[in-house]
Amino acid sequence: MDEMQKVIIIGGGIAGKLAARVLSEFYNEVIILERDHETKRPIARKGAPQGLHLHALLFAGQYGLEELFPGITEDFYNSGAVRINSTKELAWFHHGVWKLRYDGNFTTTLQTRPQLEWKITQYIKNFSNITIHYNQTVKNFLYNPDENRMTGVEIMDGSGRKTTLEAALVVDASGAGSLSSSWLKKQGLHIPEEKVKIDLTYVSQLVQLNENQSRDWSIKMVYPNPPKEKIGGTLSKVEGNRHIVTISGYHNVINDQEVLKNHNGMLNLARRLPKPDIYDELRDAAPLTKPAIYRIPHIIWRRMDKVKKLPDGLLLLGDTLCRIDPVFGQGMSIAILEALALRKLLRKQKTLGQKWTAVFYKHAAKIIAPIWNMVITEDFRFPDTIGKKPMGLSLQQWYAKQIFLLSSQNQRIYHSFVKVMNLIQPMTILMYPKIIGAVLKRALFK
Ligand SMILES: Cc1cc2nc3c(=O)[nH]c(=O)nc-3n(C[C@H](O)[C@H](O)[C@H](O)COP(=O)(O)OP(=O)(O)OC[C@H]3O[C@@H](n4cnc5c(N)ncnc54)[C@H](O)[C@@H]3O)c2cc1C
């Protein structure tokens, strides 16, 4: 590949670090600019406050991380992450029924998001051409209008000093609040956006469960049966013999200020879940942290794949490109799949034509589209959800509901669903004739 000079990555979150890992194979120098200061141990950062909330890593993300950083999965376990049998140790109440429990021969890794991200940072340090510059906030882009090309960024450091930095490629991985879309709009470029209003509130806390009680699960999920129920919760083992409890509610059903004010706020919230299991555990548990709140008013997919005349040398990744509903635990896995797609694309190119970012967005859209569709099909079960509905929504919702219900009785169907949900198989496997047959039989003879 020709003229592979310097890359700047805005944001040292998960998407930024994964992009750095991949681009280090193709560029001489990769610089990550991160506005947070460096953390000396795995703790949640101000710039990624979602780190205080449960972060599940789906199979696709787990396998992808291992591909990018061989050995990292074992390293997670060496640092205390919990290895579980995915279908046996998950107790999941969903749409009014408990899913089957069986040994499906899949492994899931449970740990906090700060620990996961910390490990990735340690692996990144092994790449001699990647550097992370902390306390550096990117304020603006440097742009050459004659060539319609990004040439670098303007930065402000922790003491307010401003500088500029030039590069052949600028990657924006600064998350949902990134400056790219407003900057592109200012240049007169229309970025089509798919935006769905969900008004989701997350409340999470680390707890120590009563050790005298025996449990046959490592993660328990109690999800709502929409549209009537809007609150769901998860209690998951994490490193350090602790558990994290996360309770989320759509359309502002959670009054987060009340949760914070009230000494029993978290317990009162758990009492509102469709099943008492999590409440019963929390009653006997010791809180290790204060409840943390995160609000997600809407999810958004910036359709860069539909924009013509994009500036060369600018690439959007991760939550900057698409912020998905976190209840389904897909955001990190999407970032990992995008990083793998980027590597595949760059490996194929002998020389990087100027338009390769446009090709990348087409690949990214293929990753995001089915996930987006799956997520909004669920989000639109709530009448207050606002946005563009997908075609055939009612049929999709009906079919998905049959799959959810059959997952409590039919191991083969649940097994297929687990693979789809974990993004290692396409949705179409749920439309095999035998599965359609079981769905119709259930609908006709239930
Ligand atoms: C409550 C919640 C729960 C979630 N649960 C899950 C889950 O269970 N499983 C899952 O896979 N995903 C989950 N996600 C999604 C996941 O957190 C993100 O998809 C993932 O972290 C990818 O993020 P990112 O790197 O694109 O952005 P971010 O994590 O937001 O990182 C952006 C980085 O850019 C930095 N930055 C921002 N602006 C600038 C600037 N101007 N200059 C320099 N640096 C800047 C920030 O400090 C930050 O470090 C959840 C999200 C939320 C909100």
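Per the conditions (1) outside any loop (DSSP other than H, G, I, E, B); (2) crowded, with 18+ Cβ neighbours inside 10 Å, the sole criterion not satisfied by Q122 is (2).
Yes or no, residue by residue, for (1) under 17 Å from L340 (Cβ atoms); (2) more than 8 Å from the ligand (Cβ to nearest atom); (3) in a helix (DSSP H, G or I); (4) under 20 Å from the mean Cα position of the chain (by Cα):
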residue	(1), (2), (3), (4)
R21	yes, yes, yes, yes
F26	yes, yes, no, no
I31	no, yes, no, no
H37	no, yes, no, no
K40	no, yes, no, no
I43	no, yes, no, yes
Q50	no, no, yes, yes
Q62	yes, yes, yes, yes
E66	yes, yes, yes, yes
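Every listed requirement among (1) within 24 Å of the chain's Cα centre (by Cα); (2) without any contact (Cβ under 8 Å) to a residue 24 or more places away in the chain is met by E194 save one, (2). Here L52 clears all of (1) buried (at least 21 other Cβ atoms within 10 Å of the Cβ); (2) farther than 30 Å from P291 by Cα except the condition numbered (2). Could you run through the stretch 1-19 and say how many residues are assigned to a loop (DSSP other than H, G, I, E, B) and among the charged types (D, E, K, R)? Residues in the stretch 1-19 being assigned to a loop (DSSP other than H, G, I, E, B) and among the charged types (D, E, K, R): 2 in total.
When A358, A364, A341, A335 are checked against the criterion of being free of Cβ contacts under 8 Å to residues at least 40 places away in the same chain and either over 15 Å from A19 (Cβ atoms) or not acidic (D, E) (or both), A341 stands alone in meeting it. Taking each residue of the stretch 272-297 that is closer than 20 Å to Y250 by Cα and looking for partners that are among the basic types (K, R) with beta-carbon atoms closer than 6 Å, six or more apart or interchain, yields Y279/R271. The residue that is surrounded by the most Cβ atoms within 10 Å (Cβ to Cβ), counting only those in the stretch 411-446 that are outside any helix (DSSP H, G or I) and in contact (Cβ under 8 Å) with a residue 60 or more places away in the chain, is L423. Of the residues making up the stretch 173-187, none is hydrophobic (A, V, I, L, M, F, W, C) and over 26 Å from the mean Cα position of the chain (by Cα).
If the condition is being crowded, with 18+ Cβ neighbours inside 10 Å, of a type outside the set (S, T, N, Q) and under 25 Å from the mean Cα position of the chain (by Cα), then the stretch 125-160 contributes I130, I132, V138.
F328 meets each of the listed conditions (1) free of Cβ contacts under 8 Å to residues at least 24 places away in the same chain; (2) within 12 Å of the ligand (Cβ to nearest atom); (3) aromatic (F, W, Y) apart from (1). Only residues that are without any contact (Cβ under 8 Å) to a residue 60 or more places away in the chain and under 22 Å from the mean Cα position of the chain (by Cα) were counted across the stretch 72-102, and they come to 8. Within the option set E38, E34, E74, E66, being of a type in the set (D, E) and closer than 26 Å to W356 by Cβ holds for one residue only, E34. Every residue in the stretch 139-168 that is under 18 Å from Y27 (Cβ atoms) and in contact (Cβ under 8 Å) with a residue 40 or more places away in the chain, please. R149, M150, T151, G152, V153, L165, E166, A167, A168, listed by residue number. Quick check on K228: is it on the phi < 0 side of the Ramachandran plot and either assigned by TED's automatic domain parsing to the domain that holds N148 or touching a Pro at 6+ places or on another chain (Cβ under 8 Å) (or both)? So K228 fails the test. Within the stretch 390-409, the residues that satisfy the criterion of being surrounded by 14 or more Cβ atoms within 10 Å (Cβ to Cβ) and touching a residue at least 40 places away in the same chain (Cβ under 8 Å) are Y399, K401, Q402, F404, L405, S407, S408.
The values are calculated or read from the model by the stated rules, or taken from the named source; none is laboratory data. On a predicted model such as this, the values are computed, not experimentally measured, just so you know. All Cβ positions, glycine included, derive from the backbone under ideal geometry; neighbour counts span all protein chains shown.
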